[in-house]
Amino acid sequence: MRPSESLKTVATALSRLIAEGSGDVDTIHALFKQLALSEREHCPVPVSTQVHAVEGDGKMIGIWKKTASAGGVVYEREAASKRYWHQWANVHKLYPKKDKKRVVLLGESVARAYLYDPFYTVAAELEGTLNQLPGMPAIEVTDLARTNCRMNELLTLACSCKELSPDAVVIFAGNNWHADLYGSLKKDHYQEMYAVLKEHGLAGIKTFVELRFSTLVETFLQKVQECLCAHNIPVVFIIPAFNLGDWNTAYHQKSAPWLSEKKAQSWFRNRDTAELALLNKDWEQLGTAAQQMMALDPFHPYGYQLCARYCINSGKRDEAVKCLEAARDASLIYRGNDNNPVCFEIISQTLRRLAGKYGIVTVDTPAIFDQVAEDDIPGRDFFLDYCHLTIDAIKITAQHTASALAPLLAAINIPVEEIKDSGIDPAPELRAIAHFSAAIHNAHRDQPADIIGYHCNKALSCFEGVKKVMLQFVDFATRHTPTTLCKAFEEVIAAGKMRQYDGGFSLQHPKGHKLMDITLVNEIARALRATGNNIDNQVALLRMQEHAVNNDKLNLLDPFYSSSSYNDVSAENYNATFLQVRATESSFAFIADKKSHLSFELIYRTPHTNAADKQIEIIINGENINVPHLPASDTWRAVTFTVQKELLVNGVNHCTITWPYVEANWNDLNSSMDRYGFFNALSPVLGEIHSFSTVVNNEMLIAENNYSKSY
Amino acid sequence: MSVNVIGISAFFHDSACCLLQDGELKAAAEEERFSRVKADPFIPKHAFMYCLREAGLNITNIDCIAYYEDPVKKLARQLWSGVLTDITGVEQLEDPRKKVAGQIREILGYEGPIKYIDHHLSHAASSFFFSGFENAAILTVDGVGEWATTTYGTGNSNGIHLFEEVQFPDSLGLLYSTITSYLGFGVNDGEYKVMGLAPYGKPIYAEMIRKLVETAPDGQYRLNMQYFAFLHSNSMYSEALCSLFGKPNRKEDSDIGQFHKDVARSLQVVLEEILLEKSRYLHQRTGMENLCMAGGVALNCVANGRVLREGPFKKLFVQPASNDAGGALGAAAMAHLQLTGGHWQPQKLQHVYLGPSYSSAYINRFLQSTSLQYTNFSTDKGKLLQTVAGHLANGKVIGWFQGHMEFGPRSLGARSILADPRNPAMRDRINAMVKKREGFRPFAPAVIDSMAKEHFKLDHDSPFMLETCEVRSAFELPAITHVDNSARVQTVNRETNRPFYELLHSFYEITGCPILLNTSFNIKGEPIVCSPEDALKCFINTDIDCLVLGDFFIDRAANDFALLKLIIQNDNIKQRGIRHDVYTFV
């Protein structure tokens, strides 16, 4: 039935008062009451996400569906979920347990041996290792690992895997739990965090987040205990490690500190000093400046990163580790677009502290790797990226896990030193593809050329035949056409050589966000050159053909030219039609030659400042081109400028725009404190670009030619 | 200095953006074409950037953004009807313009003035201001805007005057959507299918439909709300509707029986009756000869045909983008008038090729990166037309991608699938293998304008495929002739779409038939293709025989797409569409 017609005028009056921002609260309440809005039925508000396990009905275990079989209950991959199969262990059927003892492996990509899977897996290594142990019964390891497995899914699997009658369950997870944490935060939490931030600063936020995290982890352990341990199924939890030695928080170097303007200037001065000292290998100077940075902003990772370099070069290994851990954990309080999986210290600590309370045995890989690395900090020998392990590290992990499982499965104690290698020796081609995939993975996460080059070289040294797929990658990555439709990509998929990289499909650049992969392609070329294959000209020609500035306006905001990785701290707000910059610099790369002058058009603003004394600067290939009249402006400002051909280089050119640092204005941040609002509070926007384009300046060229002809 | 006005429709469905420069329509596009999300409701950011790019403008050049409805009035209607179910207290209510303005500022980055134009005024303006008429009566009909669901008015050089409206919940659009939902099709998406289904049925349930909607004096009518549930549930219809028809609702994708066809026909008949009655009323009130129509119901080309043939008006103009996307045009036109304070110069919308185009060099570079075998006809375009016409005459289905994309829901020879209309197997083949949609759905003909009269009962141009007429061709045209011997004709003019016109001519030279089957270049559930990439993906995923991308010709027979098809299907970008079981009033 329709509401009364007479209420239309009431609704109209109420909407007008609301729109006008009327302070006539009594009238508003009266109209509201007349409409009886508060008395109508309301949909229930969804309860916030909690850690919970879904007790299944035994019909499904992950993607595996229960099917009838003569030999007992078999679980088979469900055809309907085929599109998700690649995210799971490559196992088609789960057979009933027979004469072997069964260990079920649960976990995330690190548990799948990411970049080696499906040809070499943690499950296979563990099974091989366990079956080498003296006095142990025959054992099979059933692999149920899933990439990006979240807490609730892990718990659901823990419950449902009981159908497989496991004798023990191994869980290797914790790298993706930041998503569970942030997923559990609702608007109210962010408002609470905002209040904490105002009162206690970032230290308060750290405490707030850590408390929630430890509660989340403990709840998880408790549920695992209820699901498995309480049913006499022992559980071993492998605590994941992080690549402290070689994972660089490079993208954080670009992000601004969170300080008053005066202190920020000091932080920037110290940063410049530290970077120069690093270049000059002046370790003492580096240490002093880095410590200043840490003291000024204890929650910015860059100071710790630089201090670690000082510590390493001063023989202070343990201090270096502490610095690197602090740099890693900086993303805990969500500053910047850091979505890389990481097992934060608070997670590891909580697992170490509380697992025993719930009857769960732990294998502490951070401590194990630390011990194995001796005087070094575990780095590229152990990790392919931030957390995924090399074959050597997987073997070490499997041996320690086997040692932890032995008493649980057969009531025998076997020290890890007595455990032999599984005998599994992955083929050189498999190793090569893993390293090449690691090079791509590192590049797409903004890692420096050094580590990308290391993995390219390593790939070629493992198996020279990887060259073919490298060349194919160079081709499709450099082209403008979406990767999916490129011939070279099709050839890679057809050859099936990159199956280790998510079936080859992780090679696809996201739609609308294709990068030019300049550093990666350069490192591939460098590695190939070292093996006698020079593709420099081929790369240069293809770049010119696909991307050179010409007579049509080239949009420099296109990710080809404005992004170098998918870890771009500036690009948090993908929704906006304009680029938001949360650092003091924006970088662009474009392809040109020395034959043409270029015209640029830039529409920019500095949303939090209009101070005339603050200027933005434009730097081309390292040289400030001194474009006049680029003041800070909180409204869009259009500027055009020309870059002389003499300033350009043939091939890749770089343009940097510097933005004045401005302290966040708290008053602006009060109203909508959701996740994005909170991010804005911690990483304020310093500059915005609505359009930035370049085109060949033919007029100057013609004028020049006329001038030269006349003389 | 030019006056540049952006028009925007958004936050409901079919969001779109257009640019008027000094009152001239320079560019327009629906957001779904870029985002690839069917009926994308979000702010049209890609379409906005396209409009700026197309006109060579930047954000600082925009004088005004016009939004296609008044959020305050809409809030009043929402408060009245009780759809804001999550509102439990006054403190939760905030200025509804904030959300719209917030998105325009935060997503588009626009800093200047924003004007809010009433929803039906936007529709009215989208039709009248682009009709070319000096003056006209105006009828807008849709589901709902703010309060209005139907408006009556007049337009002249001074502007538009809407003198009467029918208010929510009484709505012909919602009546149609309700029966659409009852028949198992999606709301805002399936109405067109119901119209296509209607000719297969008999109007034996017309009396029952008339119980749902009672006509009233003047322009008014009233829904009998006992049969509708959209005010207070997640369904469009109540149990009483099922009882009235004596049958439960049809489940999506279940068989379509004679009952469903009869209900569709009955609904169509009643809708046409009411529209005819109300157009007579409008004529009586205004005494004008011209009629302009817009609003989602104006996309019912069968009803439009009857209004023109049997109604009192001599001329009819229907806005080709009569759905909410077209509201952007009207809002922009109204804002332009307000800004300039001047009179509107009548301009007839000549074409709707207002979307993006891609140069031959772009397409060439694109194809060079792929493994495709293709032929480059850029140096001999005549040869391309002969080749394509030859393939069409040989029964091939062609994906045709040329020039600027169409604005509005119809493909008109820029992003089209084409075939020989004389081929009796063609309709079933394209429905099943190409479009992957319901078998009953008809296809439309495109015909050389000067020869239209020889084949169709049509005494005027129909460039936008917005009315149906009788087929009376010497050719058997089974692929484009509906069961009632009607067709939804597009007349093609040489000046507005030369490549398509010349293709029709080439086909005519080979076959003597100046007509092609023309359907939109997409498959069920996906937006019409926009870019060469979209076209190629659609081509690979369907059973289209050949693809023409500008000057380039790709023959399926010369390619093996097995692997590419697999790659595309595995593409991790998942296309999401919005589909409603109930009209979204929020």
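Within 10 Å of each Cβ in peptide B:183-193, how many partner chain Cβ atoms are there on average? Round it to a whole number, please.
Mean shielding by partner chains, rounded to a whole number: 0.
For peptide A:497-505, what's the mean number of Cβ atoms from other chains within 10 Å of each residue's Cβ?
Across the residues of A:497-505, the mean count of other-chain Cβ atoms within 10 Å is 1.
Give me log10 I(q)/I(0) at q = 0.13, 0.14, 0.16 Å⁻¹ for the stretch B:72-164, Debye formula, one equal scatterer per alpha-carbon, no solvent.
Computed log10 I(q)/I(0) values: -0.61, -0.69, -0.83.
Putting +1 on Lys and Arg Cβ atoms and -1 on Asp and Glu Cβ atoms, find which of A:Thr397, A:Ala411, A:Val372 reaches farthest to the positive end of the dipole of the stretch A:372-412.
Looking along the dipole axis, the top candidate is A:Ala411.
For the stretch B:281-348, what class follows from the C-alpha gyration tensor (a ≥ b ≥ c being the square roots of its eigenvalues): rounded when a/c is under 1.5, otherwise prolate if a/b is larger than b/c, else oblate?
Oblate, since a/c reaches 1.5 and b/c is not below a/b.
Mind listing the Cα extents of the stretch A:425-538 along all three principal axes, in Å, largest one first?
Over the stretch A:425-538, Cα extents along the principal axes are 36, 29, 25 Å.
Counting only GluC sites (Glu not before Pro) that sit in a DSSP loop (anything but H, G, I, E, B) with at most 14 other Cβ atoms within 10 Å, what is the longest stretch of chain A containing none of them?
So the longest stretch without any such site is A:375-711.
Given q = 0.09, 0.14, 0.16, 0.22 Å⁻¹, what are the Debye log10 I(q)/I(0) values for the stretch B:441-553, with equal point scatterers placed on the Cα positions and solvent ignored?
Each listed q maps to, in turn, -0.26, -0.62, -0.81, -1.29.
I'm checking a number: the convex hull volume of the Cα atoms of chain A, normalised per residue, in Å³. What is it?
225
With a point put 7 Å past each Cα toward its Cβ, work out how far B:Thr379 is from B:Glu495 in nm, to one decimal.
3.5
Where the centroid of each part is defined by its Cα atoms, how far is the stretch B:65-143 from the stretch B:328-377 in Å?
With the stretch B:65-143 and the stretch B:328-377 each reduced to a Cα centre, they are spaced 25 Å.
With every protein chain left in place and a probe of 1.4 Å, what is the accessible surface of A:Phe119, to the nearest 10 Å²?
Solvent-accessible area, nearest 10 Å²: 110 Å².
Among DSSP beta bridges whose residues both lie in chain B, state the antiparallel percentage, nearest 5.
70
Quick one: what Rg and Dmax do you get for the stretch A:262-345 from the alpha carbons, in Å?
In Å, with Rg to one decimal and Dmax whole: 12.7, 35.
Within 10 Å of each candidate Cβ there may be at most 13 other Cβ atoms; applying that plus a DSSP loop requirement, which trypsin sites (Lys or Arg not before Pro) in the stretch A:256-361 survive?
Sparse-neighbourhood loop trypsin sites (Lys or Arg not before Pro): A:Lys281.
Whole-Hz ³J(HN,Hα) for each residue in the stretch B:32-42, computed from phi via Karplus 6.51 cos²θ - 1.76 cosθ + 1.60 with θ = phi - 60°, x for glycine and proline: what do you get?
So the J values, rounded to whole Hz, are 4, 5, 8, 6, 6, 9, 3, 6, 2, x, 7.
Which value in Å does the Kirkwood hydrodynamic radius of the stretch A:198-250 take, with 1/r averaged over all unlike C-alpha pairs and then inverted?
For the stretch A:198-250, the Kirkwood estimate is 14.3 Å.
Normalised by the residues of chain B, what does the relative contact order come to in percent, with Cα pairs under 8 Å and at least six apart?
It comes to 17 percent, rounded to a whole number.
Quick one: net charge of A:Pro96's neighbours, Cβ under 13 Å, K/R +1, D/E -1?
Summing Lys and Arg as +1 and Asp and Glu as -1 gives +2.
From the phi angles alone, apply the Karplus equation (6.51, -1.76, 1.60; θ = phi - 60°) to the stretch B:218-227 and give each ³J(HN,Hα) in whole Hz, x where the residue is Gly or Pro.
Coupling constants for the stretch B:218-227: 6, x, 8, 7, 9, 7, 8, 5, 5, 9 Hz.
Applying the Karplus parametrisation 6.51 cos²θ - 1.76 cosθ + 1.60 with θ = phi - 60° to the phi angles of the stretch A:589-594, what ³J(HN,Hα) value in whole Hz is obtained for each residue in order, glycine and proline being reported as x?
For the stretch A:589-594, the Karplus curve yields 10, 9, 9, 8, 9, 8 Hz.
Can you pull the percent of Cα pairs in the stretch A:468-534 with separation above 13 Å?
Of all Cα-Cα distances in the stretch A:468-534, 62 percent exceed 13 Å.
Find the all-direction average of the projected area of the Cα convex hull for the stretch B:377-489, expressing the result in square nanometres with one decimal place.
Over all viewing directions, the stretch B:377-489 projects a mean Cα-hull area of 7.7 nm².
Just the number, please: percent antiparallel of the DSSP beta bridges in the protein assembly as shown, rounded to the nearest 5.
Of all bridge pairs located within the protein assembly as shown, approximately 70 percent are antiparallel.
Using amide H atoms built 1.01 Å from N in the peptide plane, name the residues 5+ places from A:Lys594, or on other chains, whose amide H lies under 5 Å from its own.
HN-HN under 5 Å from A:Lys594: A:Asn650.
Checking a compactness column here: for the protein assembly as shown, what do you get for Rg(Cα) / (2.2 N^0.38 Å), N being the number of residues?
The protein assembly as shown yields a ratio of 1.00.
How well do other chains shield peptide A:485-495, expressed as the mean number of their Cβ atoms within 10 Å of each residue Cβ?
Counting Cβ atoms of other protein chains within 10 Å of each residue's Cβ and averaging gives 5.
Can you pull the percent of Cα pairs in chain B with separation above 49 Å?
In whole percent, the long-distance tail amounts to 7.
On the first, second and third principal axes, largest extent first, how far apart are the outermost C-alpha atoms of the stretch A:350-429 in Å?
40, 30, 23
What span do the alpha-carbon atoms of the stretch B:180-236 cover on each of the three principal axes, reported in whole Å from largest to smallest?
Extents along the principal axes: 31, 29, 19 Å.
The values are calculated or read from the model by the stated rules, or taken from the named source; none is laboratory data. Computed from a predicted model, the values in this text were never measured in an experiment. Here Cβ is always computed from backbone atoms with ideal geometry, including for glycine, and neighbour counts include all displayed protein chains. These accessible areas exclude ligands, DNA and RNA; they are computed on the full protein's heavy atoms, side chains included. Shrake-Rupley method; radii C 1.70, N 1.55, O 1.52, S 1.80 Å.
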